[in-house]
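Down below is the structure, laid out as structure tokens.
The values are calculated or read from the model by the stated rules, or taken from the named source; none is laboratory data. Note that the coordinates shown come from a computational prediction; the quantities given were computed from them, not determined experimentally. Because the Cβ atoms are built from the backbone with ideal geometry, glycine has one as well, and the counts that use them run over all protein chains shown. All accessible areas refer to the heavy atoms of the entire protein, side chains included, with ligands and DNA or RNA removed. Shrake-Rupley method; radii C 1.70, N 1.55, O 1.52, S 1.80 Å.
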Amino acid sequence: MKFRTRGRFNVKRWSRALVDRVRGTPFDRALRAARRVGRREFVFGWNRGLGDIALGLVPLFARIRAELPGSRITLFTRADLAAPFQLTEVDVLHVVPALERGAPLDPAAAAASMAVPLPADAVVFADPDPTRWLDGRRREFAPRLRWNAEWNAKAEDLVPGFDGITIGAHVNSETARYYGYVKDWPETAWRQLFARFPDTRSVRWLLFGNAAPAQFTQPNIVDLRGRTDFLALLAVLRTRCRILVAPDSGVLTAAYYLDQAFPLEVISLWSDPRQGVLKQDCPSPNPELRHLALAGRDEDVRNLSVDEVGVAVAAALARCAHATGTEREPTIAS
């Protein structure tokens, strides 16, 4: 295995990988020690992205459950991640007040400041490193996000029923500033895509996101940005959408790993295909999910043409129309 940084051999990463292969990762060693002395309390701090909950933490939780039955997992995180963690196997969840993304998080210090007692013998992971700890074992503990059917009701007041086919669109990953490359398809491209599938084609678009900096006024667009919490967004996706078009994002990851059987065509848009669900390389737990990944030329999502995405959407619409017995299959508007 070779590691390079800017064309040079990365000795530090190579040495670390060698140690991990010989002695095990820090996570491996912690689990061995816990098994040896009978520890069953695990505490995690998490102040990173939404998507990495499923991609990174959920497999780590699953491994703890598999190797140390009866374990108890406690987690400290920021407020906007409280709802996503309801889909995981966390036993106790603590929201750290006023915690901003990226700020240092020491679970022991947070517990003390919140007057939360921690077991004296707990194994504490203050800064989990799933990328390193899952290397070579990603498929062994495939992510699964559990779903409570009672949450489906959250969609009822937001989005009425529709006789045609509903497409969800996550038009902005909203996390691009945390990465060193472009993650989002251009706004102009989204507008052109929407125009190719108007209401006369029996299509309705639902826009997902936390905020709506750009307005889309096409008649068959329902803008839900800023109008849903995380569980409501997934409820809408679960009960209303037959297709999802999204960049590499937490929304895409959550939809892909939702442990529910429901028909969903996912079209994902990428700059770097070595990230996210593509890097995880695990099948969705949803047996009815069909996924098509589209990567931009030269690893830039902006190089994906509207024609490429439009053809993928039209094909998905045709399959949906056939499955539902719709007489007139939606096609691309000229």
With the first residue restricted to the stretch 273-284 and required to be closer than 15 Å to residue 299 by Cα, and the second required to be part of a loop (DSSP other than H, G, I, E, B), Cβ contacts under 6 Å at 6 or more apart or on different chains are 275/248; 276/248
Just wondering, is there one or more residues in the stretch 107-121 that are open to solvent by 30 Å² or more (accessible area, probe 1.4 Å), under 14 Å from residue 46 (Cβ atoms) and in contact (Cβ under 8 Å) with a residue 24 or more places away in the chain?
-> no
Tell me, please, whether a residue that is at pLDDT 95 or above and closer than 27 Å to residue 140 by Cα can be found in the stretch 299-310.
-> no
Here are some residues: 261, 318. Which one is in a loop (DSSP other than H, G, I, E, B) and modelled with pLDDT of 95 or more?
-> 261
Per the filter on the stretch 164-177, residues surrounded by fewer than 22 Cβ atoms within 10 Å (Cβ to Cβ) and at pLDDT below 90 are 174, 175, 176, 177
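Per-residue answers, yes or no, for (1) small (Gly, Ala, Ser); (2) in a loop (DSSP other than H, G, I, E, B):
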{"site": "163", "(1), (2)": "no, yes"}
{"site": "174", "(1), (2)": "no, yes"}
{"site": "180", "(1), (2)": "yes, yes"}
{"site": "207", "(1), (2)": "no, no"}
{"site": "210", "(1), (2)": "no, yes"}
{"site": "225", "(1), (2)": "no, yes"}
May I ask you to list pairs of residues, at least six apart or on different chains, whose Cβ atoms are under 6 Å apart, with the first in the stretch 74-87 being crowded, with 23+ Cβ neighbours inside 10 Å and the second being in a loop (DSSP other than H, G, I, E, B) and among the acidic types (Asp, Glu)?
-> none
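Residue-wise test of (1) modelled with pLDDT of 95 or more; (2) open to solvent by 80 Å² or more (accessible area, probe 1.4 Å); (3) basic (Lys, Arg).
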| site | (1), (2), (3) |
| --- | --- |
| 7 | no, no, no |
| 12 | no, yes, yes |
| 17 | no, no, no |
| 30 | yes, no, no |
| 33 | yes, no, no |
| 41 | yes, no, no |
| 44 | yes, no, no |
| 54 | yes, no, no |
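Looking at 246, 255, 235, which is the one that is in contact with a strand residue (DSSP E or B) (Cβ under 6 Å, 6 or more places away or on another chain), assigned to a helix (DSSP H, G or I) and open to solvent by less than 10 Å² (accessible area, probe 1.4 Å)?
Details: 246 fails: assigned to a helix (DSSP H, G or I); 235 fails: in contact with a strand residue (DSSP E or B) (Cβ under 6 Å, 6 or more places away or on another chain).
Every option except 255 fails the conditions.
Restricting the search to the stretch 149-161, which residues are open to solvent by 30 Å² or more (accessible area, probe 1.4 Å) and assigned to a loop (DSSP other than H, G, I, E, B)?
Across the stretch 149-161, the qualifying residues are 156, 157, 158, 160, 161.
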Positions within the stretch 178-228 being closer than 22 Å to residue 254 by Cα, in contact (Cβ under 8 Å) with a residue 24 or more places away in the chain and open to solvent by 80 Å² or more (accessible area, probe 1.4 Å), in sequence order = 178, 210, 227
Within the stretch 125-148, can you find the residues that are open to solvent by less than 70 Å² (accessible area, probe 1.4 Å) and farther than 23 Å from residue 278 by Cα?
-> 125, 126, 148
First in the stretch 135-148 and more than 8 Å from residue 62 (Cβ to Cβ), second anywhere and open to solvent by less than 100 Å² (accessible area, probe 1.4 Å) and of a type in the set (Asp, Glu), Cβ under 6 Å, 6 or more apart | 145/259; 146/259
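Look at residue 92 and say whether it is surrounded by fewer than 19 Cβ atoms within 10 Å (Cβ to Cβ), β-branched (Val, Ile, Thr) and either out of contact with any helix residue (DSSP H, G or I) (no Cβ under 7 Å at 6 or more places or on another chain) or closer than 20 Å to residue 232 by Cβ (or both). Don't jump to the end; show me each part of the working.
Details: surrounded by fewer than 19 Cβ atoms within 10 Å (Cβ to Cβ): yes; β-branched (Val, Ile, Thr): yes; either out of contact with any helix residue (DSSP H, G or I) (no Cβ under 7 Å at 6 or more places or on another chain) or closer than 20 Å to residue 232 by Cβ (or both): yes.
Yes; evaluated as a whole, the condition is true for this residue.
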Enumeration of residues in the stretch 273-286 that are open to solvent by less than 20 Å² (accessible area, probe 1.4 Å) and within 20 Å of residue 49 (Cα to Cα) = 276, 277, 280, 282
